[in-house]
1. Please give the average number of partner chain Cβ atoms lying within 10 Å of the Cβ of each residue in A:149-156, rounded to a whole number.
2. Got a number for carbon plus sulfur as a percent of the stretch A:245-342's accessible area, 1.4 Å probe?
3. Can you tell me how much longer the chain between A:Ala199 and A:Glu360 gets when fully stretched, taken as 0.36 nm per residue apart minus their C-alpha distance, in nm with one decimal?
4. Can you tell which of A:Pro390, A:Ala100, A:Pro202 lies farthest toward the positive end of the dipole of chain A, using +1 and -1 charges on the Cβ of basic and acidic side chains (Lys, Arg; Asp, Glu)?
5. Report the extension gain between A:Ala99 and A:Arg272 in nm, rounded to one decimal, defined as 0.36 nm multiplied by the number of residues separating them, less their alpha carbon distance.
6. Quick check for you: with a 1.4 Å probe and neighbouring chains kept, what is the accessible area per residue of chain A, in Å²?
7. Cross-link partners among lysines for A:Lys76, C-alpha distance below 19 Å, same-chain residues fewer than 8 apart left out?
8. Report in % the part of the accessible area of the stretch A:1-150 that belongs to carbon and sulfur, leaving out ligands and nucleic acids; probe 1.4 Å.
Amino acid sequence: MEFSLRNRTAIVGIGESDIGKVPHLSGLGLTAQAAKRALDDAGLAVSDIDGLLTAYSLTEPFFMLGTVLCEYLGLKPRFCSSLVAGGATPAILLGHAAAAIAAGQASCVLVCTGENRATGMSRDTAVSSLAAAVGHPYFEYPYGNSIPGCYAMIARRYMHEYGITREQLAHVPVVTRQHAAMHPNSHMKAPITIEDVIASKPIASPLNLLDCCLISDAAGAFIVTSADRARHIADRPVYLLGVGECHTHEYIVCAETLVHFGVMESGQGAYRMAGLGPDDMDLAQLYDCFSIVPILELEELGFCAPGEGGSFYAAGHAAIGARLPVNTHGGMLSHAHAGATGGMLGIIEAVAQLIGECGERQVRDAHTALVHNEGGVLSSNCTVILADQPR
Amino acid sequence: MNLPVPALNADSKPFWEAARASRLLIKQCDACMRPFFPPRHLCPFCWSDKTLWIESRGTGTIYSYTVIHRAPAPEFSGRGPYVVALVDLAEGPRVMANIVGAGALEAAVGDRVKLCFEERGEGWKVPQFERSAS
Ligand SMILES: [Zn+2]
């Protein structure tokens, strides 16, 4: 029988740092704050942690970030690494934590990410250092493309092939902001309208400022352990049922098309491991660095037909209480975005929903959740499926 | 601030040196004969390390594009709104370039474009595209 990570591990604690502009904390400090909150949430001791996984930092000059965090946190784990797959990193780390636990390399893994992107660097530096990190340094840089420019080209091609409209794109930030307003820790909560999005400052046509994710100070952490141990630690462990990945290209010039990415294959891998399909999901936390992205992810993950993601949002199906609540914490468009922490906060929100800790934004009867993370220009993809019971 | 000049490594040097002489070079596999971009040490389709440089005829169509209003780096800030496009060359491979010249800001998906070169100082030129008249 095929080796599977289904039902073998569970998340037993989650923690989110203070979010927004947090100038009194460094990126490491934010990460430590989130880690401490996750540990307290799990009711574990520092000595219980024997593995640490993290991502990368563009705001602070740390090369071996995993090792740096062990030092900062006073940990001496037997399992540690840092992984760089852009926004896809946190979901991939969850899979790696589960695999390490299943293989006996660790028993209790702290997965944490964090950066002070809002106050740790100027906005201009943040934009240019990201463009350098994502655009091809030898073949794309001379043309002045930006990250929003990459996603704008996806949106433009998508409009051309499927007839999706500017208004449909605008529905994504509007409903996401409504969700953010119900989360006490969200970076941006003021209501916005379709007209606000369409009238906001043009960044890279057809995308405007309100189609683009935030730049925040933020960190997140969660703790993974074996399913057997989880039952003794947490009242309501959240089980990992499935994980899938697909990595297809790095630079946009090498994407085979701009209307199909590795999201589909990543999702299919997760569904296959979980033995579930899109109709079984009670909510989804999708990657929403730009308004076009959750639209195409809805389609590739099988929640609607190709070309129908825009009308799915426009019909209100992505709202809390509707067919498939998406980004119930406000996503990267309104809750927070700081490097790998954007996707991390989607995982944390999925766990919070499954254990019923979400107050006025709680999705009723939330038993199964899908989280999709992507990095680069939909280059690296990872999908995870979580549930409040083994399946 | 001046627009940036190309950066060189062993993969990109022949490409940019040809551009100095107003030639757009792409690589083609000498085993499976498929052309590809960006240039690299081996063919990404069949892994043959027998590859050739061929000269593109310099015609293509716009696969997608965007008008950049907020430049990603100070070097581009003085350019005003400008078009970044993905251009499918007649030979097959897709390249990135700016659409320049008359009517550039009215570029559309599917527009036919032709190659031109933009000087960047110290003799460096970068391949660019203009919308074809017809
Ligand atoms: Zn070949």
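1. Numbers: counts 11, 5, 1, 7, 9, 2, 2, 10.
Per-residue shielding by partner chains comes out at 6.
2. 49
3. 54.9 nm
4. Highest projection toward the positive end goes to A:Ala100.
5. Answer, rounded to one decimal: 60.6 nm.
6. Numbers: 13560 Å² over 391 residues.
The answer is 35 Å² per residue.
7. Filter leaves A:Lys36.
8. Carbon with sulfur: 56 percent of the solvent-accessible area.
The values are calculated or read from the model by the stated rules, or taken from the named source; none is laboratory data. Please read all numbers here as calculations on a predicted model, not as lab measurements. When we count neighbours, we look across all protein chains shown, and the Cβ atoms used for this are built from the backbone with ideal geometry, even at glycine. Note: areas computed on protein heavy atoms with side chains; ligands, DNA, RNA excluded. Shrake-Rupley method; radii C 1.70, N 1.55, O 1.52, S 1.80 Å.
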